[in-house]
């Protein structure tokens, strides 16, 4: 149990640090919310290495901590919407076992942006935001490829499952 808690703590801390680093270098393409999603690297690794519960816990804790520390409650709500939809799609994609970690990451990046734009449409009560979706899908695709490549390399380099299992 102590080892499992230590793994959770390390994963959350790493995701939190990646969120902080990303907040230091905002990307501005004229559309708010475009990010590389470095913290999603940790979530994908957690999903592949430890499992669904662990990935959900890391993702939600990181979003709440980062939202409270680096942004506003409103921004945290958008991030939660994107993160939950993204994670749900990544879990389904991984379970189907048809895509690599990069493919799962691409879906995660795209659906994170879809979730955020859907919430923005509801909150701001305007469907015109849908016009941002193509740019957000492209940015999610690019970010998903980059994070997916990194995640695949991390997963490949980690010790075998029985050596890293938090249940032992």
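Angle check, please: helix 2-24 long axis (alpha carbons) against the longest principal axis of the chain (alpha carbons), in degrees 0 to 90, nearest 10.
Tilt of helix 2-24: around 30 degrees.
Sort 145, 92, 73 by Cβ crowding within 10 Å, fewest neighbours at the top.
Lowest count first: 73, 92, 145.
So what is Rg over Rh here for the range 43-99, counting just Cα atoms and using Kirkwood for Rh? Each step should come with its number before you reach the end.
Working: Rg = 12.1 Å, Rh = 11.7 Å.
Expressed as Rg/Rh, it is 1.03.
Once both axes come from the Cα atoms, what is the angle between helix 133-157 and the longest principal axis of the chain, in degrees from 0 to 90, rounded to 10?
Approximately 10 degrees, to the nearest 10.
Grab the beta carbon distance between residue 156 and residue 57, set R0 = 30 Å, and tell me the FRET efficiency rounded to 0.05. Could the numbers behind the result be given before it?
Numbers: r = 24 Å, r/R0 = 0.79.
Approximately 0.80, to the nearest 0.05.
Once you wrap a convex hull around the alpha carbon atoms of the chain, what is its projected area averaged over all directions, in nm²?
Answer in nm², one decimal: 9.6.
Taking only C-alpha pairs under 8 Å that are 6+ residues apart, what is the relative contact order of the chain in percent? Kindly include the intermediate steps, with their values, before the conclusion.
Working: 211 pairs, mean separation 44.2, N = 168.
Relative contact order, the chain: 26 percent.
For helix 52-70, what angle does its Cα long axis make with the longest principal axis of the chain, in degrees from 0 to 90 and rounded to 10?
Helix 52-70 and the main axis of the chain meet at about 50 degrees.
Every read-out reported here was derived from the displayed coordinates using simple, explicitly stated rules and does not represent laboratory data. Everything numeric here is computed off the predicted structure, so don't read it as measured data. Every residue, glycine among them, receives a Cβ derived from its backbone with ideal geometry; neighbour counts consider all protein chains shown.
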